[in-house]
Amino acid sequence: MKLLASVRDAAEARIVVEGGADIVDLKDPDKGALGAVSPQVLAEVIAAVGGERPVSAVAGDLPMESEAVLSAVDGLKAAHFVKVGLFPATRAARLAVVEALAPAARQTRLVAVLFADGAFDPTLLPDLAKAGFAGAMIDTIGKGRGDDGRPRGLLAHLALPELAAFVEEARALGLMTGLAGSLEAPDVSRLSAAAPDYLGFRGALTAGGRADPVSLAAVRGLRRILDQAQDAARPAAASIASQDGDLVFVRDMVVPMEIGAYGHERGRRQDVRFGVEARIEPLGADPRGMADIYSYDIIMDAVRLVTARGHVELVETLAVDLAERLLCDGRVRAVTVRVEKLALGPGAVGIEIERRRAAS
């Protein structure tokens, strides 16, 4: 995964390049979710970056009117990518904008932005590919926290299986993929399971909120976390003979799902309980941030992914799939997975398996 860092001007662009960002994304956070900047500011940022990183620019918070969107895109052709928001409107209106942008897509690499909290419609993906768009990403219109103080980030609107399905379909259509939307450091490891091409950040790059200046320390911190996630995705080079290490666990996680080999078990949901223990590399002497740990959120998200695939006949299938998924993370030495059906017998029935990392 690459790190897309949103900046407002040339000074911030230099900071995120120094901090290790892969893509410099230009927007004005004071003007909305995709607040646009002037072509002059774009030229200044391109000059400041000096070709060290690709520069993307947003077309603005625009109504779904083809003429307005085309005009905005035309003024940003100097960027390596132009992000076009598909804001809430009828599907026909958004499709008309996509089709109108087809000629521009032959000259400029366009990335469509779908909104998790704004009439999210992944059925537009084939239309984007047909029109020649270079990529598609998911973001949020609302930023920060709601009136109740709770985060309004991406995962508050769409579950990980939905995000993973979006990335998989977009990639199959040849589209670059990205995820953004008030993301924070703990989201990196979780969203790595969806395997987007990049994650986008703004607020997490500052010392305060989205409107504050970017912080070099914050950018470097996220760079480190993304690198850790990349390393974790690479299997270990050799088998681990000992199971000594630290234990991260999830107990009594109950998920309603369709499961069972009998005919009467099809078409209805049953509660299935999961218990998972992951034996990991020992923690360092002074863990302080998400880059230093293996989060239990990764286990819970893996459970959600394997249970979101539709009807499963056997608890054994769930247990093996879950164990193999968790062992793909290079930090995990061994796993114990327990899967229990709660609707049969006096209490629970199921299976428990143990798996260790195999030699490469």
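Within the stretch 169-204, being part of a helix (DSSP H, G or I) and modelled with pLDDT of 95 or more holds for GLU169, ALA170, ARG171, ALA172.
Screening PRO161 against (1) in a helix (DSSP H, G or I); (2) under 21 Å from ASP22 (Cα atoms); (3) touching a Lys or Arg at 6+ places or on another chain (Cβ under 8 Å) leaves a single unmet condition, (2). No other residue among GLY135, GLY75 is modelled with pLDDT under 95 and in the same structural domain as VAL24 (by TED's automatic domain parsing) apart from GLY75.
Restricting attention to the stretch 254-278, the residues that are outside any loop (DSSP other than H, G, I, E, B) and surrounded by fewer than 16 Cβ atoms within 10 Å (Cβ to Cβ) add up to 6. The single residue among SER38, SER56 that is assigned by TED's automatic domain parsing to the domain that holds ALA11, over 20 Å from the mean Cα position of the chain (by Cα) and polar (S, T, N, Q) turns out to be SER38.
Of the residues making up the stretch 171-180, those that are within 27 Å of ASP28 (Cβ to Cβ) and either hydroxyl-bearing (Ser, Thr, Tyr) or more than 9 Å from the chain's Cα centre (by Cα) (or both) are LEU175, MET176, THR177. Taken together, LEU110, LEU155 contain a single residue that is closer than 20 Å to LEU34 by Cα and at pLDDT 95 or above, which is LEU110. Taking the conditions exactly as written (assigned by TED's automatic domain parsing to the domain that holds ILE138, assigned to a loop (DSSP other than H, G, I, E, B), within 23 Å of ALA131 (Cα to Cα) and of a type in the set (Lys, Arg)), does LYS83 satisfy them or not? Here the answer is no, as LYS83 does not meet what is asked. Kindly indicate the residue of the stretch 103-127 that is of a type outside the set (Lys, Arg), surrounded by 15 or more Cβ atoms within 10 Å (Cβ to Cβ) and more than 24 Å from GLY153 (Cβ to Cβ) and also nearest to the chain's Cα centre (by Cα) among those meeting that condition. Result: LEU110.
Among the residues making up the stretch 194-204, those that are surrounded by 22 or more Cβ atoms within 10 Å (Cβ to Cβ), touching a residue at least 24 places away in the same chain (Cβ under 8 Å) and over 8 Å from the mean Cα position of the chain (by Cα) are GLY200, PHE201, ARG202.
So which residues in the stretch 176-190 are hydrophobic (A, V, I, L, M, F, W, C), buried (at least 23 other Cβ atoms within 10 Å of the Cβ) and farther than 12 Å from LEU222 by Cβ? Those that are hydrophobic (A, V, I, L, M, F, W, C), buried (at least 23 other Cβ atoms within 10 Å of the Cβ) and farther than 12 Å from LEU222 by Cβ: LEU179, ALA180. Would you confirm whether any residue within the stretch 332-352 is in contact with a strand residue (DSSP E or B) (Cβ under 7 Å, 6 or more places away or on another chain), outside any strand (DSSP E or B) and closer than 22 Å to ALA193 by Cβ? Looking for residues that are in contact with a strand residue (DSSP E or B) (Cβ under 7 Å, 6 or more places away or on another chain), outside any strand (DSSP E or B) and closer than 22 Å to ALA193 by Cβ, one finds none in the stretch 332-352, hence no. Has the stretch 66-82 got at least one residue that is surrounded by fewer than 22 Cβ atoms within 10 Å (Cβ to Cβ) and β-branched (Val, Ile, Thr)? No; the residues of the stretch 66-82 include none that is surrounded by fewer than 22 Cβ atoms within 10 Å (Cβ to Cβ) and β-branched (Val, Ile, Thr).
Of all residues in the stretch 93-121, those that are among the β-branched types (Val, Ile, Thr) have Cβ atoms under 6 Å from Cβ atoms of residues that are at pLDDT below 95, 6 or more apart or on another chain, in THR108/LYS77. For ASP61, state whether it is assigned by TED's automatic domain parsing to the domain that holds LEU155, in contact with a strand residue (DSSP E or B) (Cβ under 9 Å, 6 or more places away or on another chain) and among the charged types (D, E, K, R). Yes. Checked against (1) assigned to a helix (DSSP H, G or I); (2) in contact with a helix residue (DSSP H, G or I) (Cβ under 8 Å, 6 or more places away or on another chain); (3) not charged (D, E, K, R), LEU283 passes all but condition (1).
Scanning the stretch 4-55 for residues that are among the aliphatic types (A, V, I, L, M) and assigned to a loop (DSSP other than H, G, I, E, B) gives ALA21, ALA33, LEU34, ALA36, VAL37.
The values are calculated or read from the model by the stated rules, or taken from the named source; none is laboratory data. Predicted model only: the values in this text are computed from it and were never measured. So basically every Cβ, Gly included, is an ideal-geometry build from the backbone, and we count neighbours across all protein chains shown.
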